[in-house]
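Read the structure below first, then the notes.
What follows draws every value from the coordinates through simple rules; no lab data is involved. The structure displayed is predicted, hence computed values, not measured ones. Cβ atoms come from the backbone with ideal geometry, glycine included; neighbour counts cover every protein chain shown.
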Amino acid sequence: MESGTETFVGKDSPLYQDYDHLYQSIFQTQSIVVMVEGNDVRSADLMEAVDRLEHQIGATDGVIETTSPASLIKMINYQMTGRNELPETDEEIKAIIDGNPDVFSQIIPDNTHMLISVVMAGSASEKTQEDILTATEDAVSLSDIPPSYNIIVTGNPAFNVSMNYEMNTSMGILLGLSAIFMLIVLFLVFKHVRWCILPLPVVLLGIVYTFGAMGYIGIPMSMVTMSAFPILIGVGIDYAIQFHNRLEEEMMDKGNRTRAVIETIKHTGPAVLIALAMTALGFFSLFTSSVPMIQDFGKILLIGIIMCYFSSIFVGVAALSIFDSYSGRNPLKKIVKKIKPSRPEKTKKPGGESESDRLIGRALQKTTTLTIKYDVIVLGIACILAFGGLYLDQSVPIQTDVQTFVPQDMPALVDLRHMGDVMGGTDELNLIVKVEDNANPDVLKWMDQFSKHEVASNKHIYSASNIVDLVKEYNDGVIPDTSQEIEDIYSEIPESQKDRYMYGKNMLLLNFNIGNAVSDIKVTGIQELTDIVEQDMQWMPAPPGTDVTITGSSVVFTEVITALTSGRVAMTFLGLILVLIGLFIVYRDWVKALVPVIPMVIVIGWSGGVMSYLNIEYTPLTATLGALILGVGSEYAILMMERYFEEKDKGLTPMEAINMTSSKIGSAIVASGATTVFGFMALLASPFPMISDFGTVTVIDIVLALLATFVVFPPLMVLLDTWRDKRKGDKAAEKQIETKKQIQGAEI
């Protein structure tokens with residue numbers, strides 16, 4: 001499970017490399033925060049309990065340091081009295097806190113709240129974070145904090161651990177719901193064959209193969225990749241249904257199990273493989289995204305459809321063949337036939353279609369006739385809506401705040417937001433200052449002046465912290481004028497405090513607190529804020545020999561903006577090109593290559609309108625919709641086109657061929673679309689808003705893809721095919737006239 005910054009931003013990105021090499025590996029720490037709240041936290045009894053808690057947590061492996069009001073009170077009391085111990089009375093405690101507001105303002109924001117910080121390395125693994133979180137929770141339960149106080153263990157590490165647990169739990173729910181929905185669909189649309197639920201275990205086996213491949217290759221699970229599995233069930237089960245349906249048909253027709261298996265593999269195997277290849281080309285464009293979790297999403301989808309194909313062609317066909325062999329020896333078979341001797345005749349018409357199939361076929365045939373009759377109007381409206389949707393798509397907002405992706409009632413999120421309300425937010429801009437000498441007084445004076453200016457002039461920068469604060473604290477509030485004086489002060493400052501702001505002799509850190517900027521002004525606002533800080537540095541330049549880099553997790557996320565705007569457009573466009581080229585390679589015919597793609601382009605436009613209408617934001621998951629529509633939806637148009645040309649080759653006119661196509665395979669495509677829709681519907685039940693929103697739009701888009709297949713495709717197919725036939729006829733007539741002229745000229 002992964003949920004950190006590296007799932008959003010590629011490690012080869014310059015922004016991420018600055019963040020990783022200059023900040024995360026050198027300066028960044030993470031803190032678990034124990035928040036104590038009650039009527040008055042300035043109590044001697046409470047401070048004793050906090051002191052016990054701090055000592056116990058400090059002994060935990062991986063904890064760099066702990067900071068609490070109790071330890072600060074002991075330090076100040078030692079400076080005042082020479083005794084490194086807590087005062088015994090509430091009055092003494094309050095006197096120390098009230099007399100040192102600068103020291104206690106961050107960890108005692110008011111008289112009813114107190115914060116205890118448990119600091120670990122920024123590079124600490126998820127396992128280390130979880131161990132320290134567990135140790136902290138155990139220490140809280142054993143610290144005998146007075147019962148009148150409420151204790152909350154929170155912070156980003158606690159949030160991340162809770163989010164990973166929620167993702168694991170949610171994964172099981174999504175897979176279970178997908179399986180239940182597939183059972184319903186199979187009973188509804190696949191009941192005309194024996195063992196109608198067999199495709200479900202076959203596709204679930206493909207999912208198991210996919211999990212195995214993920215572990216072997218090293219693809220992590222994230223909020224985006226976990227949603228791939230319901231999609232794979234919805235797409236992959238269609239492969240199992242196609243093989244199952246054809247094998248049943250061949251067994252009834254040939255009466256020979258071995259021959260039936262051979263015919264099924266011979267005819268259905270390549271056909272399904274072509275559909276898989278077109279789907280894969282649509283998914284392949286996901287690899288071009290700069291967001292790692294989208295790349296992983298594409299990898300899982302690509303691996304998954306291949307695994308589902310293997311499972312269907314090898315396991316599904318073999319299992320059905322074995323079941324048929326068993327069924328022939330089953331003594332209950334005769335009893336079943338006696339009990340239900342007439343069931344096939346009741347549900348089937350002489351042509352082999354069920355009554356429901358015939359009704360759907362007739363309805364689709366009437367729809368086809370109507371759309372072709374008003375072809376210009378239908379195509380015109382479809383295109384206008386598509387262009388309108390593409391226009392509205394530009395105004396769809398982009399969301400990269402991880403807190404909005406998770407269940408909003410998740411206790412860890414509620415606690416984290418409560419801490420943010422009390423403390424005012426902890427988002428930061430981190431400025432790495434590279435210097436020739438970190439004791440240069442000009443550098444420190446510039447950092448002090450620049451910090452004050454940014455806090456005073458920018459309403460989104462609330463405070464600043466750097467090494468200058470410590471230097472001034474140890475020098476009566478002023479910055480020394482010589483490097484030697486600064487060096488002497490550095491030697492007095494404890495290493496644990498200096499390490500927060502200094503690295504070696506040539507690197508300093510300047511932090512700007514920007515509160516809850518990620519949720520308040522979004523990533524676009526942070527990008528604008530970063531630009532303002534950079535502009536301010538141009539007219540208030542740092543001393544010569546100084547280089548400043550603005551970084552931090554908030555800044556790194558601005559990279560995602562490009563990926564979710566121009567990046568997703570390029571991703572969709574590449575998918576269109578790949579599918580178009582793939583179809584041309586298969587058919588060697590531009591009309592056959594274009595006709596399945598054009599309806600999907602229209603659906604992509606409609607999808608933008610749907611997102612705008614439903615106020616659904618673009619996230620790393622919804623950014624993949626274009627590729628998904630291409631990969632999944634183009635299959636329906638390809639199946640319609642295949643049957644159209646098959647009927648036309650029999651001598652039918654374009655109008656007759658398209659009507660026959662709609663009536664013959666329309667119900668099968670509707671059934672195939674229903675299985676996909678039901679598979680995707682499991683996403684709607686996800687507690688993660690990002691996944692449920694994605695499920696909503698995807699289900700609507702698949703329905704729109706089916707609508708385009710039966711409303712946009714028929715007039716488009718007939719129009720282009722008739723135009724091509726007419727053009728061929730005109731060329732043939734011109735050729736005949738030219739030949740006749742040549743003959744006449746020869747005679748003369």
(request) Kindly put W606, W723, W446, W195 in sequence by how many other C-beta atoms sit within 10 Å of each C-beta, fewest to most. (result) W723, W195, W446, W606
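Under the classification rounded if a/c is under 1.5, otherwise prolate if a/b is larger than b/c and oblate if not, where does region 34-118 fall, given a ≥ b ≥ c as square roots of the Cα gyration tensor eigenvalues? Please list the in-between numbers first.
Details: a/c = 1.62, a/b = 1.23, b/c = 1.32.
Oblate shape, in that a/c is at least 1.5 and b/c is the bigger or equal ratio.
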(request) Using only Cα atoms, find the angle between the long axis of helix 257-284 and the longest principal axis of the chain, and express it within 0 to 90 degrees, rounded to the nearest 10. (result) 50 degrees
(request) May I ask you to derive the FRET efficiency for F573 and Y613 from their Cβ-Cβ distance with R0 = 25 Å, giving the value to the nearest 0.05? (result) 0.60
(request) Provide the per-residue ³J(HN,Hα) series for region 18-33, in order, calculated from phi with Karplus coefficients 6.51, -1.76, 1.60 and θ = phi - 60°, each as a whole number of Hz, with x at glycine and proline positions. (result) 4, 5, 6, 7, 8, 10, 4, 7, 10, 10, 5, 10, 10, 10, 8, 10
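Say the cut-off is 27 Å between C-alpha atoms; which of K373/K726; K74/K127; K11/K498; K266/K592; K459/K505 go over it? Don't skip to the end; give the middle numbers.
Values: K373/K726 19 Å; K74/K127 33 Å; K11/K498 29 Å; K266/K592 23 Å; K459/K505 33 Å.
Beyond 27 Å: K74/K127; K11/K498; K459/K505.
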(message) Starting from the 7 Å offset along Cα-to-Cβ, what nm value, one decimal, do you get for the label separation of K650 and W723?
(response) 2.8 nm
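Quick check: residue separation of Q17 and T112 times 0.36 nm, minus the Cα distance between them. What number comes out in nm?
Details: separation 95, 0.36 × 95 = 34.20 nm, distance 4.13 nm.
The span from Q17 to T112 would gain 30.1 nm if fully extended.
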(request) Could you check how many percent of all C-alpha pairs in region 105-167 are farther apart than 20 Å? (result) 36 percent
(message) Distance between the C-alpha centers of region 248-273 and region 399-449? Whole Å please.
(response) 63 Å
(request) Take the eigenvalues of the Cα gyration tensor for region 476-635, scale each by 5, and report the square roots as semi-axes in whole Å, largest first. (result) 54, 17, 14
(request) Compute the distance in nm between two label points, each set 7 Å from the Cα along the Cα-to-Cβ direction, one at N150 and one at V376. (result) 7.0 nm
(request) Using a Förster distance of 25 angstrom, determine the FRET efficiency expected from the C-beta separation of D437 and S25, and round it to 0.05. (result) 0.65
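Ranked from highest to lowest mean number of other Cβ atoms within 10 Å per residue, what is the order of the peptides 119-130, 587-598?
Values: 119-130: 16.2, 587-598: 17.9.
With the highest mean Cβ count within 10 Å placed first, the list reads 587-598, 119-130.
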(request) Enumerate the calculated ³J(HN,Hα) couplings along region 307-313 in order (Karplus 6.51 cos²θ - 1.76 cosθ + 1.60, θ = phi - 60°), each rounded to whole Hz, writing x wherever the residue is Gly or Pro. (result) 5, 5, 5, 4, 4, 5, 6
(message) Could you order the peptides 424-434, 537-547 from most to least packed, using the average number of other C-beta atoms within 10 Å per residue?
(response) 424-434, 537-547
(request) Could you tell me the distance between the Cα centroids of region 498-570 and region 1-61, to the nearest Å? (result) 20 Å
(message) Along each principal axis of its Cα atoms, how long is the chain end to end? Whole angstroms, biggest number first, please.
(response) 118, 84, 39
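Please compute the contact order of the chain in relative form: average sequence separation of alpha-carbon pairs under 8 Å and at least six residues apart, divided by the residue count, as a percent.
On the way: 1037 pairs, mean separation 139.7, N = 748.
Relative CO of the chain lands at 19 percent.
Taking the beta-carbon count within 10 Å as an exposure proxy, list H55, H113 from fewest neighbours to most.
Working: H55 14, H113 19.
Exposure proxy ranking, most exposed first: H55, H113.
To the nearest 0.05, how large is the calculated FRET efficiency for A121 and N168 if R₀ is 30 Å and r is the Cβ-Cβ distance?
So, using R0 = 30 Å, E works out to roughly 0.75.
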(request) Report the one residue of T549, Q484, M502 whose Cα lies farthest in the direction of the positive end of the charge dipole of region 424-556 (charges on C-beta: Lys and Arg +1, Asp and Glu -1; origin at the Cα centre). (result) T549
(request) Arrange the following residues from fewest to most other Cβ atoms within 10 Å of their Cβ: E559, E48. (result) E48, E559
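Which of the peptides 89-95, 627-633 is most tightly packed, and how do the rest follow, going by the mean number of other Cβ atoms within 10 Å of each residue?
Working: 89-95: 14.6, 627-633: 28.3.
Per-residue Cβ counts within 10 Å, averaged per peptide and sorted highest first, yield 627-633, 89-95.
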(message) Please list, ordered by chain and number, the residues whose modelled amide H lies under 5 Å from the amide H of T551; skip anything fewer than 5 residues away on the same chain.
(response) N430, L431, I432
(request) Between F314 and T426, with labels modelled 7 Å along Cα→Cβ, what's the label distance in nm to one decimal, could you check? (result) 4.9 nm
(message) Please give the Cα centre distance for region 123-162 versus region 625-663, rounded to the nearest Å.
(response) 59 Å
(request) Can you tell me the 0 to 90 degree angle between the C-alpha axis of helix 375-393 and the longest principal axis of the chain, rounded to 10? (result) 10 degrees
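Output the relative contact order of region 424-556, whole-number percent, from Cα pairs under 8 angstrom with separation of 6+ residues. Please report the intermediate quantities before stating the final value.
On the way: 189 pairs, mean separation 62.7, N = 133.
Reported as a whole number, the value is 47 percent.
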(message) When 1/r is averaged over all different Cα pairs and the result inverted, which Kirkwood radius in Å belongs to region 424-556?
(response) 15.2 Å
(message) Just to check I understand the Karplus step: with θ = phi - 60° and J = 6.51 cos²θ - 1.76 cosθ + 1.60, what whole-Hz values come out for region 454-463, glycine and proline as x?
(response) 5, 5, 6, 9, 10, 5, 8, 10, 8, 6
(message) Skipping prolines and chain starts, which residues have an amide H placed within reach, meaning under 5 Å, of the one on A121, given they are 5 or more residues away or on another chain?
(response) Q30, I64
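Gain in length, N84 to N475, computed as 0.36 nm per residue apart minus the alpha-carbon separation, to one decimal in nm?
Details: separation 391, 0.36 × 391 = 140.76 nm, distance 2.32 nm.
Extra length from N84 to N475 when fully extended: 138.4 nm.
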(message) In region 169-282, if the dipole is taken from +1 on Lys/Arg beta carbons and -1 on Asp/Glu beta carbons about the Cα centre, which of I173, M214, G255 is farthest to the positive end?
(response) G255
(message) Under 5 Å between amide hydrogens, which residues at least 5 positions from Y618 or on another chain qualify, with H placed 1.01 Å from N in the peptide plane?
(response) I398, Q399
